[in-house]
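Just below is one structure, and these are the notes that go with it.
The values are calculated or read from the model by the stated rules, or taken from the named source; none is laboratory data. On a predicted model such as this, the values are computed, not experimentally measured, just so you know.
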Amino acid sequence: MEATGIIIAVLAAFISSLVIVAIMALSLKTARRNNSAVSYVVEDSFAVTAARDQFLYTDRHEEKISDDDDD
């Protein structure tokens, strides 16, 4: 008898937590996915004055130039 009471309590807690999480998830305001910031950037409010590229990885291929003097 005691084991069934524990199982019922766990199931009741699980179901009530699902209901609470579902209500909280429905109250969230979602933003639409967008590929650019054109819709919320004010025109002429952002100016890029300098650019500095930082590369974390580089591939470098070196090849010795041979001095073939077969003349």
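Within region 12-47, track down each residue that is within 23 Å of the chain's Cα centre (by Cα) and of a type outside the set (A, V, I, L, M).
Passing the criteria: SER27, LYS29, THR30, ARG32, ARG33, ASN34, ASN35, SER36, SER39, TYR40.
Output the number of the condition that GLU62 fails; it satisfies all remaining conditions of (1) in a loop (DSSP other than H, G, I, E, B); (2) under 24 Å from the mean Cα position of the chain (by Cα); (3) at pLDDT 85 or above.
Tallying (1) in a loop (DSSP other than H, G, I, E, B); (2) under 24 Å from the mean Cα position of the chain (by Cα); (3) at pLDDT 85 or above, GLU62 fails exactly one: (2).
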